[in-house]
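Q: There's a structure below that I have some questions on.
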Amino acid sequence: MLKQSSLISDDTFEAEIKDDCLSIVYRLLFVFYAESRADLDILPISDSVYQKGYSLEMLRDLEQTKLVTDHSLNGYFFHDSLKQLFQLMSSGYRENENGSNKSFRIRHIDSPMFDDTKLHHLSNVKFRNYVWQDVICQLSLSRQQNKKARGRISYANLGINQLGSVYESLLAYRGFYAEEDYIEVHPKRNQKKVRF
């Protein structure tokens, strides 16, 4: 649970939480992009150990798996996997070793994006499996349309300028904390217009 320091205002706290959330979402978008573009040589996506043990793609394969037990819903498998992946990208893994070791290598990303010390409040917060699964699902699949199955979003065709544009859009996002319950109302689908 997050505790707001009495030394910062509500507005500042809300802005910092928003920034933390957007940073984490952008981390995911960057990894989706890096894993879809093996030619960039950012992540060792062709290595089977990386694929099965560290990759976001491995978690993406679980995006629609039903979490039915309390442990699968409220456990931290997604969180621990992502934390490990983000740590590897921040610090690197065997990046300075020569080719004598057959294990995969990850060059560190020289950017504050994967540095947990740059997060204001969420660096030590653990999100449960059902939360991460929903986030990954929303970033992985197209919107539900009628009774059609949701399609998988391809990040391979995304250009670096488009990725930057997504980041700018995230920065422009203005959320707020609801002080009371809100109900979102959508128009009924296939509703016929009535003329008078």
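Q: So, of the residues in segment 128-173 that are exposed (fewer than 10 other Cβ atoms within 10 Å of the Cβ) and touching a residue at least 12 places away in the same chain (Cβ under 8 Å), which turns out to be farthest from the chain's Cα centre (by Cα)?
A: ASN146
Q: Looking at (1) surrounded by 18 or more Cβ atoms within 10 Å (Cβ to Cβ); (2) in a helix (DSSP H, G or I); (3) hydrophobic (A, V, I, L, M, F, W, C); (4) in contact with a Ser or Thr (Cβ under 8 Å, 6 or more places away or on another chain), which is the only condition PHE30 fails?
A: For PHE30, the exception is condition (4).
Q: Just name the residue that is surrounded by the fewest Cβ atoms within 10 Å (Cβ to Cβ) out of those in segment 105-124 that are of a type in the set (A, V, I, L, M) and outside any loop (DSSP other than H, G, I, E, B).
A: Selected residue: MET113.
Q: Could you tell me how many of the residues in segment 37-54 are buried (at least 18 other Cβ atoms within 10 Å of the Cβ), within 23 Å of GLN162 (Cα to Cα) and out of contact with any strand residue (DSSP E or B) (no Cβ under 7 Å at 6 or more places or on another chain)?
A: Total satisfying the criteria: 1.
Q: A further question on this structure: If you go through segment 3-13 one residue at a time, do you hit one that is out of contact with any Leu (no Cβ under 6 Å at 6 or more places or on another chain), buried (at least 16 other Cβ atoms within 10 Å of the Cβ), at pLDDT 90 or above and not charged (D, E, K, R)?
A: no
Q: Okay, moving on. How many of the residues making up segment 62-83 are within 14 Å of the chain's Cα centre (by Cα), in a loop (DSSP other than H, G, I, E, B) and free of Cβ contacts under 8 Å to residues at least 12 places away in the same chain?
A: So the count comes out to 0.
Q: Looking only at segment 125-165, count every residue that is over 21 Å from LYS66 (Cα atoms) and either assigned to a helix (DSSP H, G or I) or touching a Gly at 6+ places or on another chain (Cβ under 6 Å) (or both) and tell me the total.
A: Number satisfying all stated conditions: 6.
Q: Checking the conditions here, which among GLU180, GLU168 is in a helix (DSSP H, G or I), among the acidic types (Asp, Glu) and at pLDDT below 85?
A: Selected residue: GLU168, the only one of GLU180, GLU168 that is in a helix (DSSP H, G or I), among the acidic types (Asp, Glu) and at pLDDT below 85.
The values are calculated or read from the model by the stated rules, or taken from the named source; none is laboratory data. Computed from a prediction, not measured in an experiment: that's the story for all the values here. For neighbour counting, all protein chains shown are included, and Cβ atoms are generated from backbone atoms with ideal geometry for every residue, glycine included.
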